[in-house]
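Each value in this text was obtained by applying a stated rule to the coordinates, not by laboratory testing. Quick caveat, the model's predicted, so the values are computed rather than measured. Here the Cβ positions follow ideal geometry from the backbone for every residue, glycine too, while neighbour counts run over all protein chains shown.
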């Protein structure tokens, strides 16, 4: 017995010297029979207090359009590019950014060898920043699909019919309420004519509105392709995000997988975040906050899945806004977490399974909650190679999300690399290099 106690104390002392290992991890290491996947499952286990008797199907976002004949459908077309139904795709709402952000997104993804569709919604024509459209149209090594429809918004006095509003710092106003115009309607099968339906929903922030864009685009793909929804401004790519997803099912498959990605559960929980609490309180009430306060936050800015499952998720998220009518920017994160933790999605026939990846263990590494320390102190950023790793410290994070919260990464990527790309574009060096690549094929 004494010898066993000595071994335990020695083990405890040696582990304390490894300052990158948490006390919780040390305790888990002693539980030899406790499987890591089981721990993750328990971490994200939905609570019993808020189970919802959910439908097996959710309505299409077009179901509110009742002023017209049957057969309402998506009528909007990309301004350039075309969807390839059998290709994996990445969707991003990328409105109002400067050229450097589009180059970061496209160039880092292209360097991974990803061959699927890059589908982006950018600003309406009058508000596109200099060189952005020229750069996107120039692409010859990637397949870009671009939408830039004009939104119909409220002005500062709440009057309709306004344009998108710029903020003093140069970005667009994320709090402005807008409607999605000219995207739904009826197509005449005989003469090809199109009749536009008005937006049936009230004005809403673009962070909520973007999910309708995602749903519209998802209609263009086969049920078995994989799709990634990702925030464009603060994400870059280090390897192909689709390289290690499960093999494709048959195109006639009846259900599919959904991947959700958590934020760091040691740094934050839903109850610790004022913003998350407010989103949940305004949408669902105090009882839901109490039930979810100790649950890890699941990030709504990064979601992945097979089309048949993702399309259902997008229907459900748009429907949450219809049911709650919350006008807050960021409320989609409340919807996202409620849909999962209430089990509201689990009853859908087209969703075979929802897998929630812990932060730093999956395809998307959500870094924002780690801002309490530098990423170098966390041990997951190499300042020499400028690489960000998952927690095993060996696997490159395929997608680094929320990178701009870290000073060292921001300095390297924004102040150096992104500005260098812009200089190359403006000087013509970028175009020459692309032409050489084409000739070398």
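Output the 0 to 90 degree angle, nearest 10, between the alpha-carbon long axis of helix 99-111 and the longest principal axis computed from the alpha carbons of the chain. That works out to roughly 60 degrees. Taken over the Cα atoms of the chain, the convex hull encloses 186 Å³ per residue. For a paramagnetic label modelled on residue 52 (point 7 Å from Cα along Cα→Cβ), amide N atoms under 18 Å away belong, within the range 238-259, to 258-259. Based on Cα contacts under 8 Å between residues 6+ apart, the chain shows a relative contact order of 19 percent. The residues 409, 225, 142, when put in order of fewest to most other Cβ atoms within 10 Å, stand as 142, 409, 225.
The angle between the Cα long axis of helix 429-440 and the longest principal axis of the Cα atoms of the chain comes to about 90 degrees, rounded to the nearest 10. Calculated FRET efficiency, residue 324 to residue 431, Cβ-Cβ distance, R0 = 45 Å: about 0.40 to the nearest 0.05.
Here the residues 306, 134, ranked from fewest to most Cβ neighbours within 10 Å of their Cβ, fall in the order 134, 306. For the chain, the longest principal axis of the alpha carbon atoms and the long axis of helix 331-341 meet at an angle near 60°.
The ranking of 102, 430 by Cβ neighbour count inside 10 Å, starting from the fewest, reads 430, 102.
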